[in-house]
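The values are calculated or read from the model by the stated rules, or taken from the named source; none is laboratory data. These numbers were taken from a predicted model, which means no experiment stands behind them. Here the Cβ positions follow ideal geometry from the backbone for every residue, glycine too, while neighbour counts run over all protein chains shown.
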Amino acid sequence: MPGIFGEDKICAVVAGRTAADAAGQLLRALRETRTVELRLDWLGSRSEIRKVLRWLAGKKGKRARSRATLIATCRRRVAGGKFAGSIKDQFEILQEAGRAGCAWLDIEIETAQKLSKREFAALKSEAKILISYHDFKRTPANLKRVTARLLRAGGAAIKIAAHAKDYRDTCRLLQLARANRRVVAIPMGEVGAAARILALRSGSALAYAPVEESTAPGQISLSAMKALYRADRIDRRTRVYGVIGNPVHHSLSPLMQNAAFEERHMDAVYVPFLVRDLRDFLGAIPEFGVLGFSVTIPHKQAILKHLDDCDPLAAAIGAVNTVVVRDGGKLFGYNTDYVGVLRALESQVALAGSSVLILGAGGAARAVAFALARAGAAVCICARRPANAKELARTLGGEAIARSKLRGEFFDAIVNATPVGMYPNANQSPLQSSELNCRLVFDLIYRPGRTRLLQLAERRGIETVSGVEMFLAQGMGQWEIWTGERAPEGVMRRAVVVALGEE
């Protein structure tokens, strides 16, 4: 159903430094959506603002005007914008924008409350008014009071954009939108990124996405919102899945899982949740409608105490990478890393009777260690915390080994189960070249595809295995647990391989 801003609820943000740049961004935006915000305050000067508005009012801009719902914004610095002029200057620019064909004028509450009734009426005669509020430091404690203040200003719709320090903040913001279809709710910051994707599901009148340059913390690009997350198709019936971790925005899991949903024509989406506190995220599951999620660093072990039940294998490993949310919000845990490591190594190494060194003792390392030990390998554990290495080795009947001893040992395989070398710290390696005394090196990290560790191994003529194979195998296992269907392996593999190849 069309919203108050028209058919397209994803609003492309055009933030050009020059009139030519802004016009170019606008035309590109119209390939993806019909709702566009023009950030006039980002233009370098008053003359550049006039140029883009003249272009918009003229014959060349007519086609763009006729195809789009345009929202003009000339935000002053007091509200987090770049416009350094006076309120009078801002008023004149917005009035000109309305005359140039912009259907909406976004006026921050700080300006709206200083305009005279005559000035406000003059702007309303040109276009509809969106009254906006921005707080880049926090989410206000009393959102109802903020909402009432905005509604009193007399616009046709209101927007509240606030920094969300946690998922409790994001939920409070999205609940505003659910109660009033004239509300645009925008959680800002890293934690708010997932909520930006899911905002339309919760009832927000718009979700913003930049064409090029981000204009607020946590924004997700227009191309990602449309092509990767298909956010314009999300509604209350959409099944929501995701990945939780810290860090998490480097993950290619959304690309892989969403490609599978698209291939099978499923009304489902998979999003990244930056999670610093598990209880905070778990409390937000009902608001977001999450039905399942992947678990990555550093939560694979900590999640266990929050589960209602757990697959026996995952319980034995002591780490979970997959959670299903069942009726009543009950959480059930699984571990698909176990299968992933076997698929990645079985064709490369005769595991029975082999000697394998595992770097790390966290959740991923535990899955690797259990898989290899049960396959008959003799497992050694080397970890930054010796006590953790000894505990894991004792559980498996393996051996803990100090890093200082590695130069004097030889292994059939070395497996890196630490995050050292993961994007964006791709120049790091958990071991030095002289410590790679083995036949094969397997790095669980899949991004980059050729980590620094694998490069060191290749220079010594050592066979290498990328983490891509394990990543794909565990991801397909997760998808099948959530959907009950066979995963489209070819589509998922192609999505990941193409993305890594482009890097």
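Annotations
- Scanning the range 205-214 for residues that are farther than 24 Å from Ala179 by Cβ and out of contact with any helix residue (DSSP H, G or I) (no Cβ under 7 Å at 6 or more places or on another chain) returns Glu213, Ser214.
- Any chance Ala344 is touching a Phe, Trp or Tyr at 6+ places or on another chain (Cβ under 8 Å), closer than 23 Å to Val320 by Cβ and either of a type in the set (Val, Ile, Thr) or outside the structural domain of Gln432 (by TED's automatic domain parsing) (or both): yes
- Test: residue in the range 320-331 that is closer than 22 Å to Cys438 by Cα and of a type outside the set (S, T, N, Q): no
- Filter pass, Leu274 being in contact (Cβ under 8 Å) with a residue 40 or more places away in the chain, touching an Asp or Glu at 6+ places or on another chain (Cβ under 6 Å) and not assigned by TED's automatic domain parsing to the domain that holds Met492: no
- The residue of the range 483-499 that is surrounded by the fewest Cβ atoms within 10 Å (Cβ to Cβ), among those that are of a type in the set (A, V, I, L, M, F, W, C) and more than 17 Å from Thr336 (Cα to Cα), is Val498.
- Looking only at the range 252-278, and only at residues there that are in contact with a Gly (Cβ under 7 Å, 6 or more places away or on another chain) and not in a strand (DSSP E or B), the one that is nearest to Ala177 (Cα to Cα): Val275
- Just one residue in the set Leu291, Leu331 is closer than 16 Å to Leu198 by Cα, not assigned by TED's automatic domain parsing to the domain that holds Ala361 and not in a helix (DSSP H, G or I); that residue is Leu291.
- Selection of the range 54-86 for residues being over 16 Å from Ala29 (Cα atoms), under 34 Å from the mean Cα position of the chain (by Cα) and of a type in the set (A, V, I, L, M) yields Val78, Ala79, Ala84.
- Taking the range 254-271 as the range and being surrounded by fewer than 23 Cβ atoms within 10 Å (Cβ to Cβ) and more than 15 Å from Lys226 (Cα to Cα) as the test, the residues that pass are Glu263, Arg264, His265, Met266.
- If the condition is being part of a helix (DSSP H, G or I) and surrounded by fewer than 19 Cβ atoms within 10 Å (Cβ to Cβ), then the range 464-482 contributes Glu480, Ile481.
- In the range 5-17, the residues that are assigned to a loop (DSSP other than H, G, I, E, B) and either surrounded by fewer than 16 Cβ atoms within 10 Å (Cβ to Cβ) or touching a Ser or Thr at 6+ places or on another chain (Cβ under 9 Å) (or both): Phe5, Glu7, Asp8, Lys9, Ala15, Arg17
- Residues (touching a Gly at 6+ places or on another chain (Cβ under 6 Å) and surrounded by 18 or more Cβ atoms within 10 Å (Cβ to Cβ)) located in the range 326-350: Thr336
- The helices (runs of 4 or more DSSP H) falling completely within the range 89-183 that include 2 or more residues that are within 30 Å of Phe288 (Cα to Cα) and assigned by TED's automatic domain parsing to the domain that holds Leu56 map to 143-152, 167-179.
- Condition broken by Gln301, with the remaining ones in (1) under 21 Å from the mean Cα position of the chain (by Cα); (2) in contact (Cβ under 8 Å) with a residue 60 or more places away in the chain; (3) more than 21 Å from Arg486 (Cα to Cα) satisfied: (1)
- Verdict on Thr73 being closer than 14 Å to Ile49 by Cα, at pLDDT 95 or above and either hydroxyl-bearing (Ser, Thr, Tyr) or surrounded by fewer than 15 Cβ atoms within 10 Å (Cβ to Cβ) (or both): yes
- Looking only at the range 430-451, and only at residues there that are basic (Lys, Arg) and either surrounded by 20 or more Cβ atoms within 10 Å (Cβ to Cβ) or over 30 Å from the mean Cα position of the chain (by Cα) (or both), the one that is farthest from Ile358 (Cα to Cα): Arg447
- Number of residues in the range 345-366 that are assigned to a helix (DSSP H, G or I), touching a residue at least 60 places away in the same chain (Cβ under 8 Å) and under 27 Å from the mean Cα position of the chain (by Cα): the value is 3.
- Residues satisfying the stated conditions in the range 51-68, i.e. farther than 16 Å from Arg39 by Cβ, part of a loop (DSSP other than H, G, I, E, B) and in contact (Cβ under 8 Å) with a residue 12 or more places away in the chain: none
- Test: residue in the range 341-357 that is closer than 21 Å to Val243 by Cα and not polar (S, T, N, Q): yes
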